[in-house]
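Data first, discussion second: the structure below is written as structure tokens.
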Amino acid sequence: MFHGKLDGETNSVTRLSETAARFTGNMTVKQTPFQIGYLVGVLAGEGHFGGDGRQPQVTLRMHTDHEQLFRWIQHNFPGGKLYGPYYHGGRSYFQWMARGDFLRQELVPLLDAWLTADLDEKTFRRYQEMKDRYQL
């Protein structure tokens, strides 16, 4: 059985709700706390934080079996670009990319709030390296 709220326990749902309201002002679709958490989790597990030498980008590349997830991201986080399906070297995949204003004004503030070292230290470090390299 799950416990109730302990004395002094942080109410992360409230924190996430406040963040959702604060960081989605420029998006045409308002995200729920679940949607933000799901995207951060997918990016922590499968995303790449880097760039092309001139501009930063966050990339998510997965098998075409995950098309429904990519369409969900595209719908709920407009501003990123979905490419594919690609067929290369016996693999088939989609690729979602966040660059430019969407990355700087929407995704970076969201990741700054929710992608922490205690969540995933390796991913957090790679994200920070991208931010340092591209002065975000």
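Only one of these conditions is not met by GLY37: (1) touching a residue at least 40 places away in the same chain (Cβ under 8 Å); (2) of a type in the set (Gly, Ala, Ser); (3) loosely packed, with under 15 Cβ neighbours inside 10 Å. Which number is it? Going through (1) touching a residue at least 40 places away in the same chain (Cβ under 8 Å); (2) of a type in the set (Gly, Ala, Ser); (3) loosely packed, with under 15 Cβ neighbours inside 10 Å one by one, GLY37 breaks only (3). Restricting LEU103, LEU60, LEU107, LEU82 to those that are of a type outside the set (Val, Ile, Thr), modelled with pLDDT of 95 or more and in contact with a Gly (Cβ under 6 Å, 6 or more places away or on another chain) reduces the list to LEU60. May I ask you to verify whether GLY84 is touching a strand residue (DSSP E or B) at 6+ places or on another chain (Cβ under 7 Å), in contact (Cβ under 8 Å) with a residue 12 or more places away in the chain and more than 14 Å from LEU107 (Cα to Cα)? Yes. Among the residues making up segment 48-67, a single one is basic (Lys, Arg) and buried (at least 16 other Cβ atoms within 10 Å of the Cβ): ARG61. Does GLY45 satisfy being of a type in the set (Gly, Ala, Ser), loosely packed, with under 13 Cβ neighbours inside 10 Å, at pLDDT 95 or above and closer than 22 Å to LYS131 by Cα? Considered against the rule, which asks whether it is of a type in the set (Gly, Ala, Ser), loosely packed, with under 13 Cβ neighbours inside 10 Å, at pLDDT 95 or above and closer than 22 Å to LYS131 by Cα, GLY45 comes out as yes. None of ALA98, ALA117 is of a type in the set (A, V, I, L, M, F, W, C), in contact with a helix residue (DSSP H, G or I) (Cβ under 9 Å, 6 or more places away or on another chain) and either more than 20 Å from GLY51 (Cβ to Cβ) or without any contact (Cβ under 8 Å) to a residue 12 or more places away in the chain (or both) except ALA117. When restricted to residues that are part of a loop (DSSP other than H, G, I, E, B) and more than 20 Å from PRO33 (Cβ to Cβ), segment 103-120 contains 1. Could you grab me the full set of residues in segment 68-102 that are part of a strand (DSSP E or B) and surrounded by fewer than 17 Cβ atoms within 10 Å (Cβ to Cβ)? If the condition is that a residue be part of a strand (DSSP E or B) and surrounded by fewer than 17 Cβ atoms within 10 Å (Cβ to Cβ), then PRO78, LYS81, LEU82, TYR83, GLY84, PRO85, TYR86, TYR87, HIS88, ARG91, SER92, GLN95 are the ones that fit. Which members of segment 23-42 meet the condition of being modelled with pLDDT under 95 and touching a strand residue (DSSP E or B) at 6+ places or on another chain (Cβ under 9 Å)? Within segment 23-42, MET27, THR28, VAL29 meet the criteria.
The values are calculated or read from the model by the stated rules, or taken from the named source; none is laboratory data. Quick caveat: nothing in here was measured; it's all calculated off a predicted structure. In this analysis, Cβ positions are derived from the backbone assuming ideal geometry, glycine residues included, and neighbour counts consider all displayed protein chains.
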